Amino acid sequence: MKEVRTRFAPSPTGFMHLGGLRTALYNYLYAKKNGGKFILRIEDTDQERFVEGATEVIYDTLRGCGIAWDEGPDIGGPVGPYIQSERKKIYLPYAQQLVEKGAAYYCFCTKEELDERRAACEAKGEVFKYDKHCLHLSREEVQAKLDAGVPYVIRLNAPTTGESTYDDVVFGHLTFPNDTLDDMVLIKQDGMPTYNFANVIDDHLMGITHVMRGMEYLSSTPKYNLLYNAFGWEIPQYVHLTTVMRDAQHKLSKRHGDAYYSDFIEKGYLKEALINYLALVGWNPGDEREFFTMDELIQAFDINRLNNAPGIFDMDKLTWFNGEYIRKLPFDEYLKMVTPWFDKALGGKHFDYKRLAELMQGRTEVFNRVPDMVRFLAEMPEYDLDLYNNKKMKTNPEVALEALEMVQPVLEGITDWQESTIHDTVMAAIAASGKKNGAVLWPLRIALSGLASTPGGAFEIAYLLGRDETLARVQKAIEKLRANA
Ligand code: GLU
């Protein structure tokens with residue numbers, strides 16, 4: 001069997017869209033699963049859209065995610081160069097071959113002429129399609145214009161009757177009426193190929209066996225097949241992938257901050273969790289498994305299990321995945337990753353980060369939620385006395401005041417401010433007072449944090465805050481409760 005060769009062919013826009021990342025992932029998985037090669041090709045023929053540093057974004061993202069290419073611009077390979085702008089000279093001779101065969105033709109229509117004809121067409125309520133005006137120029141007329149240096153493009157000579165069909169792995173057997181095909185431009189006035197032309201030439205010259213890409217190319221594919229056929233080249237297997245959507249109606253969008261890989265990394269999602277979840281948006285392993293390492297994905301991946309319904313990218317599900325991945329991080333790694341987020345909220349003040357991290361690891365779903373969860377340590381939030389009402393703990397502001405008055409001198413008496421000492425001393429005092437644990441610990445935690453939910457309980461928080469701050473907060477709470485009584 002022929003070696004499987006897949007490719008990821010991004011345009012360097014400066015951002016990695018999640019849909020693109022998933023395309024790269026599937027191409028990589030399929031190549032690796034079949035012992036084949038995964039090729040990275042940069043499609044930068046649209047020089048107007050050139051963005052500085054954009055190829056690095058592509059390299060860094062893929063590498064960071066563990067998607068390694070076997071051939072590509074930076075590492076080379078047998079069928080390079082792998083950057084389209086460096087392949088510029090390759091395309092024109094192929095287009096000229098097609099002109100010889102009658103499958104393509106020179107077009108000298110100016111932009112103004114085309115605009116005029118387009119406007120006339122639209123005025124009649126019709127959709128403009130190039131009208132083959134220049135197809136009817138004689139050989140001599142064409143040559144004269146070329147000799148005179150008249151700017152030209154080369155267009156595909158697409159059929160206008162009949163239909164085109166092809167088979168797609170995901171979408172099955174597809175039929176398109178030929179009157180929907182236009183005489184697309186193959187070579188632009190600046191001599192650069194269009195994407196529409198370059199992708200075919202490159203995929204052929206690079207020996208690509210499986211073209212896996214976004215479904216926005218479904219309806220252009222018949223035109224690509226016309227090119228393959230005109231050259232007498234073998235048509236690759238097509239695997240068109242459905243769009244990654246936020247919900248049934250909406251695409252992921254820049255405006256919502258959910259379109260790009262970098263959006264997620266900045267929010268504090270782990271790339272492993274993102275890749276794992278992304279693999280499942282549009283594909284399923286056929287069983288109940290949800291957690292996959294890259295190697296496990298390679299083993300499990302099967303293009304016949306790609307969905308033909310849009311993949312819904314469920315943020316909550318991703319967040320859940322992320323929390324699971326964070327829980328499984330080795331503690332030291334978690335500590336390293338969470339430290340800048342602690343700094344953000346606690347900036348400057350000293351706290352025992354290690355202890356805080358121990359309390360936080362199991363509660364961290366996304367790192368950007370960390371600052372809000374720990375900020376109370378640096379600054380006591382305003383809170384409502386209503387927080388002291390807790391049915392289960394049998395507390396209310398009155399009970400709370402009594403509890404805090406009881407516990408205040410106990411805390412004052414502790415000089416060795418260790419968590420275990422605080423725990424043992426306070427627990428002993430509660431037992432001696434005949435009160436219920438909850439009736440003291442709930443008010444104490446509220447007094448120290450102003451929050452109904454915190455990482456750790458009263459003892460952990462008291463320890464983290466330190467003796468002075470703990471006593472100050474208890475004193476303040478007592479004053480607040482007294483003022484209310
Ligand atoms: N450069 C195209 C894009 O970024 C690639 C499409 C393809 O994979 O052929 O959409």
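Couple of notes before you dig in:
- Residue within region 345-359 that is under 30 Å from residue 240 (Cβ atoms), of a type in the set (Phe, Trp, Tyr) and without any contact (Cβ under 8 Å) to a residue 60 or more places away in the chain present: no
- Residue within region 148-157 that is surrounded by fewer than 17 Cβ atoms within 10 Å (Cβ to Cβ), more than 16 Å from residue 96 (Cα to Cα) and either polar (S, T, N, Q) or at pLDDT below 95 (or both) present: no
- Among (1) within 12 Å of the ligand (Cβ to nearest atom); (2) of a type in the set (A, V, I, L, M, F, W, C); (3) out of contact with any strand residue (DSSP E or B) (no Cβ under 9 Å at 6 or more places or on another chain) - the single one residue 51 does not satisfy: (1)
- Of residues in region 1-29 being buried (at least 22 other Cβ atoms within 10 Å of the Cβ) and aromatic (Phe, Trp, Tyr), the one farthest from the ligand (Cβ to nearest atom): 28
- Members of region 197-219 found to be within 10 Å of the ligand (Cβ to nearest atom) and within 26 Å of the chain's Cα centre (by Cα), listed by number: 199, 203, 208, 211, 212, 213, 214, 216, 217
- Restricting 235, 208 to those that are crowded, with 21+ Cβ neighbours inside 10 Å and touching a residue at least 60 places away in the same chain (Cβ under 8 Å) reduces the list to 208.
- Within region 158-168, the set of residues being surrounded by 10 or more Cβ atoms within 10 Å (Cβ to Cβ) and small (Gly, Ala, Ser) comprises 158, 164.
- Residue ID - surrounded by the fewest Cβ atoms within 10 Å (Cβ to Cβ), chosen from residues in region 238-252 that are within 11 Å of the ligand (Cβ to nearest atom) and of a type in the set (A, V, I, L, M): 239
This table checks each residue for (1) crowded, with 18+ Cβ neighbours inside 10 Å; (2) farther than 30 Å from residue 247 by Cα.
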| residue | (1), (2) |
| --- | --- |
| 316 | no, no |
| 321 | yes, no |
| 366 | yes, no |
| 377 | yes, yes |
| 387 | yes, yes |
| 404 | yes, yes |
| 407 | yes, yes |
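- Scanning region 336-364 for residues that are surrounded by 19 or more Cβ atoms within 10 Å (Cβ to Cβ) and among the β-branched types (Val, Ile, Thr) yields 338, 364.
- Residue match in region 262-280 (condition: within 16 Å of the ligand (Cβ to nearest atom) and either in a helix (DSSP H, G or I) or not hydroxyl-bearing (Ser, Thr, Tyr) (or both)): no
- Members of region 247-261 found to be closer than 26 Å to residue 305 by Cα and either without any contact (Cβ under 8 Å) to a residue 24 or more places away in the chain or not in a loop (DSSP other than H, G, I, E, B) (or both), listed by number: 249, 250, 251, 260, 261
- So residue 230, is it more than 16 Å from the ligand (Cβ to nearest atom), part of a helix (DSSP H, G or I) and touching a residue at least 60 places away in the same chain (Cβ under 8 Å): yes
- Checked against the criterion of being at pLDDT 95 or above and either farther than 15 Å from residue 449 by Cα or among the β-branched types (Val, Ile, Thr) (or both), the candidates 363, 375 yield just one match: 363.
- Scope region 156-196; condition within 16 Å of the ligand (Cβ to nearest atom), closer than 14 Å to residue 225 by Cα and among the charged types (D, E, K, R); matching residues: 168
- Residue within region 169-186 that is over 39 Å from the mean Cα position of the chain (by Cα), surrounded by 15 or more Cβ atoms within 10 Å (Cβ to Cβ) and free of Cβ contacts under 8 Å to residues at least 40 places away in the same chain present: no
- Among the residues listed as 343, 386, 372, the single one being outside any loop (DSSP other than H, G, I, E, B) and more than 33 Å from the chain's Cα centre (by Cα): 386
- Restricted to helices (runs of 4 or more DSSP H) entirely inside region 31-138, those with at least 3 residues that are more than 36 Å from the chain's Cα centre (by Cα) and either of a type in the set (Asp, Glu) or loosely packed, with under 14 Cβ neighbours inside 10 Å (or both) are 88-101, 111-123.
The values are calculated or read from the model by the stated rules, or taken from the named source; none is laboratory data. Since the model is a prediction, treat every value here as computed from it, not as a measurement. Here the Cβ is made from the backbone with ideal geometry for all residues, glycine too, and neighbour counts use every protein chain on show.
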